[in-house]
There are 6 protein chains.
Amino acid sequence: VKLRILYIGDGPDKWFARWLEGWKEPDTVIETCGFGSNARQVEHAFKEHLAADAVIRHSVAAERDGFDAVVIGCFFDPGLCEARELVRIPVVGVCEASLHVAATLSAGKFSVLVPRRKSIPRMSENARSYGLGSKIASWRILGLTMSGMIDRERTQCAILREARIAVEQDLAETVCLGCTAMAGQAKDVQEALGVPVLDPVLVGLKVAESRGTLWKRFGISHSKIGGYETPPSDEFMPVLEQASSPAPATKKIGQLIRRIKP
Amino acid sequence: VKLRILYIGDGPDKWFARWLEGWKEPDTVIETCGFGSNARQVEHAFKEHLAADAVIRHSVAAERDGFDAVVIGCFFDPGLCEARELVRIPVVGVCEASLHVAATLSAGKFSVLVPRRKSIPRMSENARSYGLGSKIASWRILGLTMSGMIDRERTQCAILREARIAVEQDLAETVCLGCTAMAGQAKDVQEALGVPVLDPVLVGLKVAESRGTLWKRFGISHSKIGGYETPPSDEFMPVLEQASSPAPATKKIGQLIRRIKP
Amino acid sequence: VKLRILYIGDGPDKWFARWLEGWKEPDTVIETCGFGSNARQVEHAFKEHLAADAVIRHSVAAERDGFDAVVIGCFFDPGLCEARELVRIPVVGVCEASLHVAATLSAGKFSVLVPRRKSIPRMSENARSYGLGSKIASWRILGLTMSGMIDRERTQCAILREARIAVEQDLAETVCLGCTAMAGQAKDVQEALGVPVLDPVLVGLKVAESRGTLWKRFGISHSKIGGYETPPSDEFMPVLEQASSPAPATKKIGQLIRRIKP
Amino acid sequence: VKLRILYIGDGPDKWFARWLEGWKEPDTVIETCGFGSNARQVEHAFKEHLAADAVIRHSVAAERDGFDAVVIGCFFDPGLCEARELVRIPVVGVCEASLHVAATLSAGKFSVLVPRRKSIPRMSENARSYGLGSKIASWRILGLTMSGMIDRERTQCAILREARIAVEQDLAETVCLGCTAMAGQAKDVQEALGVPVLDPVLVGLKVAESRGTLWKRFGISHSKIGGYETPPSDEFMPVLEQASSPAPATKKIGQLIRRIKP
Amino acid sequence: VKLRILYIGDGPDKWFARWLEGWKEPDTVIETCGFGSNARQVEHAFKEHLAADAVIRHSVAAERDGFDAVVIGCFFDPGLCEARELVRIPVVGVCEASLHVAATLSAGKFSVLVPRRKSIPRMSENARSYGLGSKIASWRILGLTMSGMIDRERTQCAILREARIAVEQDLAETVCLGCTAMAGQAKDVQEALGVPVLDPVLVGLKVAESRGTLWKRFGISHSKIGGYETPPSDEFMPVLEQASSPAPATKKIGQLIRRIKP
Amino acid sequence: VKLRILYIGDGPDKWFARWLEGWKEPDTVIETCGFGSNARQVEHAFKEHLAADAVIRHSVAAERDGFDAVVIGCFFDPGLCEARELVRIPVVGVCEASLHVAATLSAGKFSVLVPRRKSIPRMSENARSYGLGSKIASWRILGLTMSGMIDRERTQCAILREARIAVEQDLAETVCLGCTAMAGQAKDVQEALGVPVLDPVLVGLKVAESRGTLWKRFGISHSKIGGYETPPSDEFMPVLEQASSPAPATKKIGQLIRRIKP
C-alpha cells in the first residue's frame, strides 16, 4: 500500500533524512519534522515535556493532512499517550516498537543501551507499562552525553563495549540502541557480536509501515475505548490553535516538515 | 516548623480554600494557584500535559519565592517527575501520597474510586511505578464526568455505593477518593462504612507538611542523582521565561496565586 | 520487497486460502501446508506436540526452499521455540504476534477469547513468557469445541457476546480471537463494538511480512546466541530425514503445500 | 497538635533519648521503652518473636495510657501486624515508614544497608508485603554484627563504603539504613554522597507524628475491617494480664518507660 | 525408614489423633501436642503469636527428643521461620506444604478456602513469600467462625459450595482447605467435584514423612546459611528455659505430648 | 505402600541404575527406560521435543502396566504437561520437584547450576510457570557440554566453583544441580559448602514416592479439570499405536525398560 508517514524527531546527522529514505519501502512517502529548538536532545523530563508538545501538535496536523502513521523519534516516546488520545491514525513510539520487536527476537532477555543513567528510571517505567519489564536483561550505560554522541566513532566504541558485556555477562540475546542519536550504528555492532542489534529509528519506521498498512487496509489502530478515548474536540482544538498563532497548526507543520523526495 | 506550602490545583468548590485553611497545621501558610483555564478538569492526557506545564512553571517559581513544599492537586500527579527534576523542595503528588498512606493503613489491599474508566490505565501505571500496584484491590468507577461531580449529593451517593462494593466484594480495607473533585466527601463515607476513606487533598496536604519538615529541618528531599537529576539551568530557564513573556515567570505566579489569609 | 511466506496450519474454511490471498501484500507469495491429519484441531497438549512436529519439519524445509518467513497457524504457537532453534528465517507464532500488537493498541489491557477453558493455562503461560502477562484483562471462554466452531454463525454470536463482556466488565480495550478457527470473524465484531478485534491469522501474516522484510533487507531475525542456539546439524538432520523416509523432508513439504496462485 | 508518642526499642547509644528529643516537633511528647533484656539486638527470628511480645504488650498499654501513636524501633518491624490488630492508634514500623519515604524520594530505586545477610530474606519479604519490593535496587551487607555496630566509627566506614557502591553500581537513588543500631549515622553519609540517606529512627518518628495528627484530628488510622480486625477483648485481655502478673500490664509499662523531660 | 514425627496443633475432633494414625505410613510414629489453651483456634495475629511460641518450644524439645520432623498444624504456619532457625530437623508448615502440592497438581491455578476474610491478607502474604502467589486463582470465604466449624455438616456444605464456585468461576483446578479445623472433610468434596481437594493435615503429614526421609537418609534439611541461620545457643537456651521454669522445656513438652499408640 | 515407579531418562553412568536402587525406599520397585537414541543428551528444544515423544508413549504404557508414578529424568521436564494430560497416575518432573523442594529449604532464594547458557531461557520459563520464578537467586553456568560432563571430576570442580559463588555472591541458600547428567555429585558439594545441594534424580525419585503414596492410598493426583483434561481416547490412541508399529506401544515399552532387580 501507498503510505504517508510523518517522522517527528531530530536525526543525529545531516544524512539522517537520506537514511530514512533508504530504509523505507518503495511505496512509502516519509516526511520529517523536529521537536523544535527547545526540545532538541531530550535527556530530562522537562525536555520530554516540550517534545510531547511538538508530538501533540504535529500528530493532530498529520492526521488532518492525510498521513497514515506517525513515528515519535525519541526513545522516551514523549507524547505517545497524548497523541494516541487525539488521533485515530497509528502513532508509533520508537522505544515501544523496539522493545516489542526485541522481545520476539529473544528466547530469553534483551538489553538496552542508554547514554546516561538519568534515562533509566523513566525508560524502565515505560518498558514495564508496555508490559515488557520482565524481558529486560539490563540497562547498560554508555557514559556519553547527548552532545557527546555527535562523535560517532567514540559512540560506536562505547556501544560495542557495552553490547558485548550485555551479551556475555547479562545474557542478553538481543541489544536495543536506546537513543535515536545512535541511529545508523546498529549494523556494524550486529555483525561484530552476532546477535540482533536494533536501531530504534529503523525499527520504528518498519513498525509504522506495518501499522499504517493494518490501519489503511483493515481499519485497525489503537483502541478508542478506555485510555486513548478522544476528548471533546471543542476542548482541545481551541487550545491547539491558540498556542500556534498567528499561523494555524497545520500550516506550521507544513513549514517544519522538510520534504524528502519520495 | 513554620512552613509555606503551595497547592497547585483547582478546588471543587468555592469553599475549597477554606477547607485547606481548616486542614493545615497552625504553623503552615498555604497558598494556592490553579492549573490555568485550559487545564481545568483534567480527564485526558492532553489536559494532563497542559496541567504539567502549569506545575513546572509554578514549582520553579515557588522554590524561588521561598516555599517549602509544593502539592500537585490532581490525582494524575501531572508534572510530578518534571517538577522534581527542576526543584529541590519536596513536590507531593496527591495520588502518590494517598496510595502510600493507604498501603500502610491496610493489612491487605485498598481500592481507588475514579470518575470514569478513562483514567484507569494511566493511574494504574502510576500506581505500579510508585511500586504499589500489588496493593490495589480494585479501581471502581463512579460513572460521573468531571462536571457531573459538581452535584455533590449525587457524587456522595456514587462514592458510598462503590466504596461499599469495594469493601465487601473486592475486600478493600481502605478506600481512596481518586479525584480532587471529590475533596471534602471522605469523612461521611468513612463514618458510614467503618474503614478509612482518604481525601486526596487532605492527605496530600498532610504529607506535604511532613515532607516540608523533613526538608527544612533535616535537608531530606528527593534524590538529585538519577531520574530527578536537574538539567543545566541555562537549558530550562530561557524556555520557562520565553513562554511566559512579557511578564517573567515568577511574576506570573505571583499573579496566579490567590492568597489565603494565613 | 518480494517475500515468500509459508503459512503452516489448517484454515477453518474452504475459502481460507482465498482470504490469505486477499490479506497479503501484492509482492508477497504465500503458500500453505497443514499440521497433518493427526494434529488437526489442536486443543490438547498431545496434539500440540504433534503439530510442533509438523512445524519443525516444515520450517526446516521452508528455509531450504528459500522462504523468507514462516507463520505458525495455531494460537498455541506449537513448535515456535523448536523452529526458531533450527532455522534463521523469521518464525512467527500467531499468538505471539497478536498479543504484541494488541498490547500496543491498548492504553490499558486486552482480552483473549478462547473456545474452552482447557486452553487457558497453556496460553497464559505463553503470554507470560512473551512478557505480556500483565497486559491481559481476561481470558474469556466461548464454550465451543473446535468442531463446534465450524458453525460460523453460532461462533460469531459467542464471540460478540464474550467480546462485549470483555470490553464492558473486564475493561478490555482490544480483543484477540484466540484460535485460528475463528479466522475471518473479527471484522464484524470490531464494527459492532468499536474496539480493535484482532484476527490471529491476519495479524500473524502482516507481522510475518514485516519480519520477512527486516530479515531480507536488514539481516534482522531472532538471536542465535542463547535460547535459540542451533544444535549441530549432524545431530538433527539425520533425525529429520529418518522420520520422513522414504521421501526426503523437503520433498515432503513440496507435496504438502497447496500452492496458491500468487 | 499536641502528640504523645511511645517509641518502643533500644537506642544504639546513651544519647539516644536526647536525639529523639532533638528530632521531635515542639508539641510532641515522646516516651521510650525497650524490648526487654531477652530481645535486645534483634538479629534472629527468635528474638524478633520476643520483641513482638514486647510490642504487643506496650502498644495495648500505650493506647490505654492515652498515647497518640506508637513507633516500633527495630527494622524487622516486629509485632507490627499484631499491634495494629489490638489497638486503634497508629502503629508505625520504622522499616515500613522508611521504605515508603525512600520510594517517594527516588525516581528509580533505593538500597537498604543491613548488618549481615541473615536479615535479608525476612526484610525483603516485608518489603514485598508492604508492596515495595520492585523499588529495591539492592540489599547491601555491612558485614557487622549487632554488637560490632557499637563501634560507631567502624560502622560509619562500612555504611559509607556500601552506600557508595549502592549509588554507583546498583543505581540506588536513595539509601536506607536498615537497622536502628545505625541511628544517628545518616547525616554525614548524606552529605558525603549527595543522595538522601534515611535514618530509620528519624523517619519512623516523623511519620508517627504525621500519622498521629491524621488520627487525632481526622480520625484516620489503620483499617479495622480485614487483616487488622480486633479479636474479642475477652480473648486477648486475660492472656495479656496473666503473663504480666503480678502487676497489671499498664503498670508494667509505666515502669519500663524512661520518661524524657518533654 | 522409621520416622518419629511431632504434630503440633489442635485437631477439630476427638477422633483427630485416630485420623493421623490412619493416614501415616506404617513405619511412622506420630505424636501430637497442642498450641496451649491460649492459642487454640488461631484466627488473629495475636493468637498466631502465641501459637508460634508453642511451636518454638516444642520444636526445640522435639529435636532434643530425637524426632525426625515437626508438623505445624495451623494454616497460618505460625513459628515456621522461628522453628527452622532453631532446629536442624525438617519443620513442615501445613500451608506451605499444601500450596506446593496444589501447585504441582494444577496446570493452571488453585483456590484456597478460608473461614473468614480476616485470614486472607496474612495467608496471601505467606503464599507470596513461599513464591506461589501467582498460582492462586482465588481465596474463597466460607463465612464461618472457628467455633462455627465444629458443626461439621454445615462446614461441609459451605466447603462444597465455595469449592464449586472456585472450580467453575475462578477456574481453580485444585482446591485447598485453608484451615486445620476443616481436617477430614476433603475426601467427599473431591469425589463430588472431580478435582483434587487437599486436606492440610493429611498433606502436611505426608510431606513431613517425605522430608523426614530426605533428612534421615540423605542429610537434606533446610539451609543453615542465610535466613535460617541458628542464633548462638547461649542466647536462646536461657530464654527458653527461663520461661518454662520450674520444669525444663524438654520435660514440659514431654507432659504436653499426648502419646498415640504407635 | 508398595509402589512401582517408572524412571524415564538416561543416567550419566553405568552405575546409575544401582544408585536409583540405593536411593529408593524398600517397598518401591523402580524400573527405567531411556528417551531413545535420538533424544539422548537433551540440550536443545529439538531434542526436548523428541524426549517428550518418549515421555508421552512411556507414560501411557506405564499407566496400563500398573505403575503408580512416572519420573521424567531430564531437567527440562520434557513432556510433563502432555503426559499429565494423558494419564491419571502422578507424573513427576525432576526440575519441578527440585525447585519446589529447594523453595521450602530456603528462607530466601536458591540457585540452579546449568551446563550452558543455552538452557536458561527455557528453564527459567518453566520455573516461572511452576510459580517459583521469584525464588531463584541465580542461574549459574558450568561451561560444560553434555558430553563434557562425562568427566565427573572436572564436572565436580565446576559444580563446586559455581555453587560457592551462588552461595557467597548471589546469596543462594540452597543449590540445585540443573541436569540429570550431574546425578550423584550433590553429596560432596553439600558437605563442602554446608548448604543443601539437591540432586534432581534423587529428589525426583523421593517426590515420586510421596506422590505415588498420595495417589495410591488417597486418590490424589493432578487435576483432570482444566489444563490437564484428557483428550478423547479415540483421538490419541490411534496416533500412539500408528507411530509405534509394527509392535504396539505397550509392548515397545516392555522392551525398552531395563528391569532392575527389586
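The values are calculated or read from the model by the stated rules, or taken from the named source; none is laboratory data. None of these values were measured; they are calculated from a predicted model. Here Cβ is always computed from backbone atoms with ideal geometry, including for glycine, and neighbour counts include all displayed protein chains. Accessible surface is based on the protein model in full, side chains and every heavy atom, while ligands, DNA and RNA are left aside. Shrake-Rupley method; radii C 1.70, N 1.55, O 1.52, S 1.80 Å.
Filtering region F:116-126 to residues that are part of a helix (DSSP H, G or I) and either under 19 Å from residue F:165 (Cβ atoms) or small (Gly, Ala, Ser) (or both) leaves F:117, F:119, F:120, F:123, F:124. Entry remark, region B:210-221: residues being open to solvent by 30 Å² or more (accessible area, probe 1.4 Å) and part of a helix (DSSP H, G or I) number 5 in total. All of F:133, F:148 fail the test of being within 11 Å of chain C (Cβ to nearest Cβ) and open to solvent by less than 50 Å² (accessible area, probe 1.4 Å), apart from F:133. Inspection of region A:178-192 finds no residue satisfying the criterion of being within 11 Å of another protein chain (Cβ to nearest Cβ), within 21 Å of residue A:76 (Cα to Cα) and not hydrophobic (A, V, I, L, M, F, W, C). Taken over region D:43-53, the criterion of being open to solvent by 10 Å² or more (accessible area, probe 1.4 Å) and either of a type in the set (A, V, I, L, M) or under 30 Å from residue B:26 (Cβ atoms) (or both) is satisfied by D:50 alone.
Of everything listed in (1) modelled with pLDDT of 95 or more; (2) over 21 Å from residue F:8 (Cβ atoms), the single unmet condition for residue F:208 is (2).
Of all residues in region E:233-242, those that are of a type in the set (Asp, Glu) and at the interface with another protein chain (Cβ under 8 Å from one of its Cβ atoms) total 1. Across region D:196-232, which residue is farthest from residue D:59 (Cα to Cα) among those that are among the small types (Gly, Ala, Ser) and more than 8 Å from chain B (Cβ to nearest Cβ)? The qualifying residue farthest from residue D:59 (Cα to Cα) is D:204.
For region A:30-60, the set of residues classified as among the β-branched types (Val, Ile, Thr) and more than 18 Å from residue A:201 (Cα to Cα) consists of A:56, A:60, listed by residue number.
In region B:154-169, the residues that are within 15 Å of residue B:191 (Cα to Cα) reach residues that are surrounded by fewer than 21 Cβ atoms within 10 Å (Cβ to Cβ) and hydrophobic (A, V, I, L, M, F, W, C) with C-beta atoms within less than 7 angstrom, at least six apart or across chains, in these pairs: B:160/B:192; B:163/B:193; B:164/B:193; B:167/B:193. Taking residues in region E:9-38 that are free of Cβ contacts under 8 Å to residues at least 40 places away in the same chain, and partners anywhere that are in a loop (DSSP other than H, G, I, E, B) and open to solvent by 40 Å² or more (accessible area, probe 1.4 Å), the pairs with Cβ atoms closer than 7 Å and at least 6 places apart or on different chains are E:27/E:1; E:27/E:2.
Just so you know, in region B:111-127 the residues that are more than 8 Å from every other protein chain (Cβ to nearest Cβ) and touching a helix residue (DSSP H, G or I) at 6+ places or on another chain (Cβ under 9 Å) include one that is farthest from residue D:128 (Cα to Cα), and it is B:115. Restricting to region A:127-185, give me the number of residues that are of a type outside the set (Asp, Glu) and in a strand (DSSP E or B). Qualifying residue count, region A:127-185: 11.
On the stretch given as region C:157-175, residues that are over 20 Å from the mean Cα position of the chain (by Cα) and either open to solvent by less than 60 Å² (accessible area, probe 1.4 Å) or within 13 Å of chain F (Cβ to nearest Cβ) (or both) total 11. Within region B:222-234, the set of residues being part of a loop (DSSP other than H, G, I, E, B) and surrounded by fewer than 23 Cβ atoms within 10 Å (Cβ to Cβ) comprises B:224, B:225, B:229, B:230, B:231, B:232. Taking (1) in a helix (DSSP H, G or I); (2) over 27 Å from residue B:231 (Cβ atoms); (3) over 14 Å from the mean Cα position of the chain (by Cα) in turn, residue B:113 satisfies each apart from (1).
If the condition is being assigned to a loop (DSSP other than H, G, I, E, B), within 13 Å of residue E:32 (Cβ to Cβ) and touching a helix residue (DSSP H, G or I) at 6+ places or on another chain (Cβ under 7 Å), then region E:1-11 contributes E:9, E:11. Considering only residues in region F:176-197 that are in contact with a strand residue (DSSP E or B) (Cβ under 7 Å, 6 or more places away or on another chain) and within 20 Å of residue F:15 (Cβ to Cβ), the one that is most open to solvent (accessible area, probe 1.4 Å) turns out to be F:190. When only residues in region C:94-110 that are in contact (Cβ under 8 Å) with a residue 40 or more places away in the chain and over 17 Å from the mean Cα position of the chain (by Cα) count, which is surrounded by the most Cβ atoms within 10 Å (Cβ to Cβ)? Looking at residues that are in contact (Cβ under 8 Å) with a residue 40 or more places away in the chain and over 17 Å from the mean Cα position of the chain (by Cα), I get C:110.
The rows are residues; the columns are (1) within 11 Å of another protein chain (Cβ to nearest Cβ); (2) surrounded by 24 or more Cβ atoms within 10 Å (Cβ to Cβ); (3) among the acidic types (Asp, Glu).
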{"residue": "E:24", "(1), (2), (3)": "yes, no, no"}
{"residue": "E:37", "(1), (2), (3)": "yes, no, no"}
{"residue": "E:58", "(1), (2), (3)": "no, yes, no"}
{"residue": "E:66", "(1), (2), (3)": "no, no, no"}
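I'd like to know if region D:237-254 contains one or more residues that are touching a helix residue (DSSP H, G or I) at 6+ places or on another chain (Cβ under 6 Å), modelled with pLDDT of 50 or more and surrounded by 15 or more Cβ atoms within 10 Å (Cβ to Cβ). Yes: one or more hits. Candidates in region E:69-92 are the residues that are over 22 Å from residue E:199 (Cβ atoms) and more than 14 Å from chain D (Cβ to nearest Cβ); of these, the one that is most open to solvent (accessible area, probe 1.4 Å) is E:88. Of the numbered criteria (1) among the hydrophobic types (A, V, I, L, M, F, W, C); (2) open to solvent by less than 30 Å² (accessible area, probe 1.4 Å); (3) more than 25 Å from residue D:145 (Cα to Cα); (4) more than 14 Å from every other protein chain (Cβ to nearest Cβ), the one residue D:29 fails is (2).
Checking each residue in region D:198-209 for being touching a strand residue (DSSP E or B) at 6+ places or on another chain (Cβ under 9 Å) and assigned to a helix (DSSP H, G or I) picks out D:200, D:201, D:203, D:204, D:205, D:207, D:208, D:209. Note on region B:14-43: residues that are in a loop (DSSP other than H, G, I, E, B) and either at positive phi or within 16 Å of the chain's Cα centre (by Cα) (or both) total 8.
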